[in-house]
Amino acid sequence: LFTLPVRGSEGLYMVNGPPSFTESTAFQRDSGKNCKAVAFSKDGSLFAWCNGEKVNIVNVTSAELLRSFDLPKAVCLEFSPKNNVLATWQAYTTAKDGTAGVPNLQLHDVKTGKCLKSFIQKKMQNWCPCWADDESICARNVNNEVHFFENNNFNTIANKLHLQKVNDFVLSPGAQPTKVAVYVPGSKGAPSFVRLYQYPNFGGPQSALANKSFFKADKVTMLWNKKATAVLVIASTEVDKTGASYYGEQTLHYIATNGESAVVQLPKNGPIYDVVWNPNSVEFCAVYGFMPAKATVFNLKCDPVFDFGTGPRNAAYYSPHGHVLVLAGFGNLRGQMEVWDVKNYKLISKPVASDSTYFAWCPDGEHIVTATCAPRLRVSNGYKIWHYTGSLLHSYEVPSNEEMWQVSWQPFLDGVFTVKAVKYQAVPSELPSAEPKPAQAYRPPALRNKPVTSSKLHEDEPPQNMKPQLGSSDKPLSKTALKNQRKHEAKKAAKQEAKADTNQESTQSSASQNAPRSAVPVVTSGDPEVDKKIKNLKKKLKAIEQLKEQAAAGKQLEKNQLEKIQKETALLQELEDLELGL
């Protein structure tokens, strides 16, 4: 059984997950209205929260209070991956006389409760140090260089990664060796770049595993895949110089640890709303383009594998096992979700969770929570729990004078839940399906009693499989092969056109009585080459006819034009021979 903590103006309490959805009796509700932050350990066994007085840690199963720290101002909490350290952060303040403030980032030993180290960390963004999954190294960005500590010994800096100005870094997930992706913004006409290193080889430019430089980047988001073989980089500018978008401009880059890199070609212009890796690490999904947005799954060669067409969406979420993908339109969209079976690329369900500000898959890969939280939305706060087949299993809305700030699933380690076969049949639910009534479009008074004609602003593109079909060659065609194929197709089209032309001419000529003698009734031969020659001869004879008319009108002809007229008899003879040969 797993739980969901709910944090809001009603206090902090735990709700039991499916199938009961009752409040957990093991966890004592903290009714204070000042709960600032909550955090689970990576394996879901420990839970910490700060209530404006203390930071408490409990064992989730027994609800036993393990530790309590006197930190009334703490607003951020995080556990290290193996539950050895709890990191806490509070706002940095300087003394009134201008002297430096006290260290505000603290690392506590969970087992003993003692403070291992305190740092000054002014910004809330990226406040928390990053650990490798086995806690062998821990890193933090200090004054544009990355400091590394080993085995939670925070008194000695074991390594430094120093580049001109490291703005951001991300450690790779999974087992050793740990890799580091670093981002250095461009300056004075030099491009920005992202580099991948393997810890601890940071010496000189040759030591990097891969490097990708690009212009047009005010900020970047770096996403490692689960197997730590590649990074996706979303580079975005604050302002779109072309004026095409309010959201600045985004580009998507792919960088692999083997040194390969590429720009992911997105077939529709516009913002990149979301990019997510499939947990299998060999595919990723991007949601992009002016509304209605496109969504496409790409492989590691950055070739499209499946295109979901266009629709009202701006987010994508793979289930923990990667077998189901949800495309959704939250924020300023209506909350429509499309649930897809990833293996067969079939649509499973289309539930609607309007006004959602939060979405998360349950670690079991079966259930989903959507929530409407303050301060993003102050009204109708609450959460809903769904099965991916579209059934709404549980819904809770807070009383109208209260707010809900956060809800989340208790995490579990990979492998705790086994992957189950994808279902299409909606699972039974006691709640009615939450289909909102479609809002009627405004109709001016003059049209109100007339039949409705559907007038869509745009037609949505249908989904299509981009994988090469069996039977066709699996390998993409090379440039020359493509060129030849196009030439071949053009030739074919030209031949058919020529055939159509000769047929047309024959019908025209038989229709007109006083046709000039060049236009003799024609029967096409079965041989396109002969037809081509006949067509050319007729063209030449027509030109000669025109020249003769000009001469009759008293125009002085050039020498070469006179020579053309002299060839008329020979051409007529040739034409006759060809037609007799039919």
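For the range 5-29, enumerate the residues that are open to solvent by 30 Å² or more (accessible area, probe 1.4 Å), more than 17 Å from I385 (Cβ to Cβ) and of a type outside the set (S, T, Y). Scanning the range 5-29 gives E10, A26, Q28, R29. So which residues in the range 30-41 are among the basic types (K, R) and surrounded by fewer than 18 Cβ atoms within 10 Å (Cβ to Cβ)? Passing the criteria: only K33. Are any of the residues in the range 350-362 more than 28 Å from P5 (Cα to Cα), of a type outside the set (D, E, K, R), open to solvent by less than 40 Å² (accessible area, probe 1.4 Å) and outside any strand (DSSP E or B)? No, there is no match, as no residue in the range 350-362 is more than 28 Å from P5 (Cα to Cα), of a type outside the set (D, E, K, R), open to solvent by less than 40 Å² (accessible area, probe 1.4 Å) and outside any strand (DSSP E or B). For the residues A95, A91, A87, the requirement of being at pLDDT 85 or above, open to solvent by 30 Å² or more (accessible area, probe 1.4 Å) and aliphatic (A, V, I, L, M) singles out A91. Among the residues that make up the range 279-292, is at least one of them among the hydroxyl-bearing types (S, T, Y), at pLDDT 90 or above, under 13 Å from the mean Cα position of the chain (by Cα) and open to solvent by less than 10 Å² (accessible area, probe 1.4 Å)? Looking through the range 279-292, at least one residue is among the hydroxyl-bearing types (S, T, Y), at pLDDT 90 or above, under 13 Å from the mean Cα position of the chain (by Cα) and open to solvent by less than 10 Å² (accessible area, probe 1.4 Å). For the range 108-138, enumerate the residues that are free of Cβ contacts under 8 Å to residues at least 12 places away in the same chain and either in contact with a Gly (Cβ under 7 Å, 6 or more places away or on another chain) or of a type in the set (A, V, I, L, M, F, W, C) (or both). Correct list: C115 only. Against the test of being surrounded by fewer than 21 Cβ atoms within 10 Å (Cβ to Cβ) and of a type outside the set (S, T, N, Q), the options W405, W386, W409, W340 yield a single qualifying residue, W405.
Residues in the range 292-312 that are free of Cβ contacts under 8 Å to residues at least 40 places away in the same chain and more than 26 Å from E260 (Cα to Cα): A293, P312.
Counting only strands (runs of 3 or more DSSP E) that sit completely within the range 139-232, zero hold 2 or more residues that are more than 27 Å from the chain's Cα centre (by Cα), free of Cβ contacts under 8 Å to residues at least 12 places away in the same chain and assigned by the TED database to the domain that holds K82. Restricting attention to the range 57-74, the residues being outside any loop (DSSP other than H, G, I, E, B) and either open to solvent by 60 Å² or more (accessible area, probe 1.4 Å) or hydroxyl-bearing (S, T, Y) (or both) number 4. Quick one: G248 ticks every box in (1) open to solvent by less than 30 Å² (accessible area, probe 1.4 Å); (2) closer than 15 Å to V194 by Cα except a single one, so which number is it? Result: G248 fails condition (2) only.
The values are calculated or read from the model by the stated rules, or taken from the named source; none is laboratory data. All values derive from a computational prediction rather than experimental measurement. Positions of Cβ are backbone-derived with ideal geometry, glycine not excepted, and every protein chain shown enters the neighbour counts. Just the protein is used for accessible areas: all its heavy atoms, side chains included, with ligands, DNA and RNA removed. Shrake-Rupley method; radii C 1.70, N 1.55, O 1.52, S 1.80 Å.
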